[in-house]
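As structure tokens, the structure follows; a few thoughts come after it.
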Amino acid sequence: MKEHLLPILKSDLAKSSSIIFLALFSSGLIMFFAELLFSKIFGPVIFGRFRTILYLFSFLPLIIELGIGVTLTKYIAEFRSRNKEKIGYIVKWFLKLRILSYLVLMFLIFLFKEELSLIFLKDASLSYLIITGIFLVGLSFFNFFSFVVLGYQKFKLFAISNFLTSTASSIFGVLMIPFGIFFVIIGWSFGSLIGNILNIKFFFDKKIIKISGEFNIKKIFWKFSIPMYLINIPTALFNFIIPLLSLFFSQLLIGYYSFALIFYSATLLISTAISTVLFPKVSELNGLKKYDVAKKILKKVFLLYILIVFIGIILVVLISDWLFVSFFESYLPSLFMFKALVIFGLFFGLNTIYTNYLKGLGKVKKFALFTLIQNILLIIISFVLLGVSK
């Protein structure tokens, strides 16, 4: 085992992954404590509303994303090795499309705010909280620039951006606590803008807009972007899970579930960090037709992650009861949810890594199948856990 692990740990992939992991983990830890503070101050019901709004308006932008993020990351990575002149054209084309789609979405949110409030919060008088969704959606527009940075494989910059996004959201959200949940969400929404300031600077420093080289981009849009968009709708169901559950369960149970889901998300940090590096690297190797090299990298990553899963399960079994009794006693009803979601999250990490590998190779059908299975399982598990907790 040692002779296999040491080369992995010393590789560029591991170093890049560790940088991104440290950024994601540290910002995730800050976000965790911020949400823990919100849960204690607001109580389960209001905390459930808070998480419903955040997840609902994280999900809706994915509906109009149209495969932009995946396409930019993949093709910028490929065009870097050849046909650099095409980068500017593809970026400008998708930037215009994103501006139009986001303006339409924000208008529709404002127009149907009462209906959205009644459906997801079960109270039309809470429509003022839907207004915060306009800020969440509008400022999430700037995540466009992170896809460009990732395509250029500037992993340190990407890591810093993610750290700033999550940290700024947490800090501004906490600072707004005295003013109520409305301003907490408004403060939270500014994280996307703050976190992408360096990405925007990189974008203009590279003078990407000035790079010209027209080509038939509609072919890429219809044959790659749209299929990936349709495939990513099942992927986006993770963001929709809390709003979906809110249609069937009380806000008290949603609050408990939301608390447990914080820990589930934490377990995905490792696989997400690794996948963030794996996807553009595999895309580049795919462009160079070095398929065997890509497969070897995947095997090494799996070997390392399986060890992480094994350690994680042992920790869940040994310390979860003590952790809740000692620190989270008011959320003891969510202990079973916590154990189940964390363990499933660790195993789902294997699928997260593999689907990003498939995405990098452009294997759309397989990517769709594995992604769909994971999200259906998560939805079923969530309904069962909440049903048992009634």
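The values are calculated or read from the model by the stated rules, or taken from the named source; none is laboratory data. Quick caveat: nothing in here was measured; it's all calculated off a predicted structure. In this analysis, Cβ positions are derived from the backbone assuming ideal geometry, glycine residues included, and neighbour counts consider all displayed protein chains.
If only residues of the stretch 227-248 that are under 20 Å from Val137 (Cα atoms) and β-branched (Val, Ile, Thr) are counted, the one that is modelled with the lowest pLDDT is Thr235.
Restricting to the stretch 63-106, and then to whatever is among the polar types (S, T, N, Q) and in a helix (DSSP H, G or I), can you tell me which residue is farthest from Ser140 (Cα to Cα)? Break it down stepwise before answering.
The initial filter retains those residues of the stretch 63-106 that are among the polar types (S, T, N, Q), namely 71, 73, 81, 83, 101.
The next check asks that each one be in a helix (DSSP H, G or I); those that pass are 71, 73, 81, 101.
Working: Thr71: 18, Thr73: 17, Ser81: 30, Ser101: 13 Å.
Among those residues, the one meeting the criterion is Ser81.
Would you call Ile134 surrounded by fewer than 20 Cβ atoms within 10 Å (Cβ to Cβ), modelled with pLDDT of 90 or more and either farther than 30 Å from Leu29 by Cβ or among the acidic types (Asp, Glu) (or both)?
Values: surrounded by fewer than 20 Cβ atoms within 10 Å (Cβ to Cβ): yes; modelled with pLDDT of 90 or more: yes; either farther than 30 Å from Leu29 by Cβ or among the acidic types (Asp, Glu) (or both): no.
Considered against the rule, which asks whether it is surrounded by fewer than 20 Cβ atoms within 10 Å (Cβ to Cβ), modelled with pLDDT of 90 or more and either farther than 30 Å from Leu29 by Cβ or among the acidic types (Asp, Glu) (or both), Ile134 comes out as no.
Of all the criteria given as (1) in a helix (DSSP H, G or I); (2) in contact (Cβ under 8 Å) with a residue 60 or more places away in the chain; (3) under 19 Å from Ile200 (Cα atoms); (4) not aromatic (Phe, Trp, Tyr), the one not satisfied by Ser170 is (3). For the stretch 332-390, give me each residue that is within 22 Å of Val316 (Cα to Cα) and free of Cβ contacts under 8 Å to residues at least 12 places away in the same chain. Those that are within 22 Å of Val316 (Cα to Cα) and free of Cβ contacts under 8 Å to residues at least 12 places away in the same chain: Leu332, Ile380, Val384.
Among the residues of the stretch 212-233, is there at least one that is farther than 30 Å from Lys366 by Cβ, touching a residue at least 24 places away in the same chain (Cβ under 8 Å) and buried (at least 17 other Cβ atoms within 10 Å of the Cβ)? Scanning the stretch 212-233 turns up no residue that is farther than 30 Å from Lys366 by Cβ, touching a residue at least 24 places away in the same chain (Cβ under 8 Å) and buried (at least 17 other Cβ atoms within 10 Å of the Cβ). On the basis of being surrounded by fewer than 21 Cβ atoms within 10 Å (Cβ to Cβ) and within 15 Å of Gly191 (Cβ to Cβ), does Gly173 make the cut? No: the conditions fail for Gly173.
Filtering the stretch 77-126 to residues that are polar (S, T, N, Q) and more than 22 Å from the chain's Cα centre (by Cα) leaves Ser81, Asn83, Ser117, Ser125. Residue-level check: of (1) under 28 Å from Gly28 (Cβ atoms); (2) without any contact (Cβ under 8 Å) to a residue 24 or more places away in the chain; (3) in contact with a Leu (Cβ under 7 Å, 6 or more places away or on another chain), Ser161 misses just (2).
Checking the structure you have, find out if any residue of the stretch 111-127 is within 23 Å of Ile200 (Cα to Cα) and touching a residue at least 24 places away in the same chain (Cβ under 8 Å). The answer is no; no qualifying residue exists. Taken over the stretch 191-211, the residue count meeting the criterion of being modelled with pLDDT of 85 or more and among the charged types (D, E, K, R) is 1.
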